[in-house]
Every structure is written in structure tokens, then in C-alpha cells.
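Just so it is clear, none of the values below were taken in a lab; they were calculated from the coordinates. Not measured: the values here are computed from a predicted model. Note that we place each Cβ from the backbone using ideal geometry, even for glycine, and neighbour counts take in every protein chain shown.
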Amino acid sequence: MRVSPQKARLVLELIKGKRAEDALNTLTFTKKRVAATVEKLLRSAIENANYLSSEKGADVDVDSLYVKSAIANDGPRMKRIRPAPMGRAFHYVRRIAHIELVLAERGKDKDREALVTTAGENTAGAKAPVKRKAPAKKKAIGKKKAVAK
């Protein structure tokens, strides 16, 4: 999204933890430019959950979805130059935000959570952390030999 992440976070903080339906209502009446894009993203995530429940056979109740997390990270920056008086140039940066929404199902059983993500990976099928080897030990530094002049 062509908006700074700081501005996107202002809108995302409004919908974190809310039911999906309440979040849609909040975004509809928010007077920020980024709210329309976040609303479109939220609708897409709800439709993804609906698709999972109808086509893929996953047990997802669309009415009990809530916004588990909403994140806006920095994207690539576009550096631009604007003409200035006396042949000079002003440099400025156009920021881009990567927005990620995660919906989860709030149900009777807290152990069971179906996650639906948009603009990110499906966190339900995340891999286990990989064990790494310990770093190699540094070699001992020998004494330097005296050089005759």
C-alpha cells in the first residue's frame, strides 16, 4: 500500500482484537485514507475463511472470526527529487507499507484455533524451529615475529 507504515498502524490499532464484523463497521466510518484499503484486505481475509469452510472442508465458523493480529511493516522506499529554487534539488522519500492481517476463530475450545492470513503465510502450518550448530571456536592468535631492520 502506498502509505507510510506509521499512518497504517493508526488504523490497524483500531481493529486489533475485535470481531470481524465489528472491525468492518469501524473501518467503514474511519476517516483515514488507508481505512478503505484495510477494509478491502479484511473482506478478502473473511472470504478466504469462507472458502476454507465451504470448499476445502475446514471447520471454520465465519461468524466467530476476530482480528488476531494486524501489522504494518516497512516496504521498499522510493527516493524522489523535487526541483528547488536556484537550480537546487530537494530529496524526499515515498514510503510503502506491507499490511498483514491474521484472523482467528474464537470458539468454545481454546486449544483449537483456525487461522486465516492475508498478505502473509498460513501460520497454522508453520514449521518447527530449526536447530542450529554452535558457532565454531576462534583460532588462537600467535605472536608476531620481530622483523630486523
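Per-structure values
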{"quantity": "For Ile96, Ile46, Ile15, order by how many other beta-carbon atoms lie within 10 Å, fewest first", "calculated": "Ile96, Ile46, Ile15"}
{"quantity": "Among Leu27, Ile99, Gly87 - extreme Cα towards positive end, dipole of region 5-125, charges at beta-carbon", "calculated": "Gly87"}
{"quantity": "Cβ-placed point charges (K, R +1; D, E -1), dipole of region 5-125 about Cα centre in debye, nearest 20", "calculated": "1300 debye"}
{"quantity": "Overall Cα dimensions of region 5-125 - principal axes, largest extent first, Å", "calculated": "68, 31, 23"}
{"quantity": "Local electrostatic count, Phe90, Cβ distance below 12 Å [Lys/Arg +1, Asp/Glu -1]", "calculated": "+4"}
{"quantity": "Length released on extending from Leu14 to Ser69, taking residue separation times 0.36 nm less the Cα-Cα span", "calculated": "18.7 nm"}
{"quantity": "Region 5-125: relative contact order in percent, alpha carbon pairs under 8 Å with at least 6 residues between", "calculated": "25 percent"}
{"quantity": "Loop sites in region 17-57: GluC sites (Glu not before Pro), DSSP, at most 15 other Cβ within 10 Å", "calculated": "Glu55"}
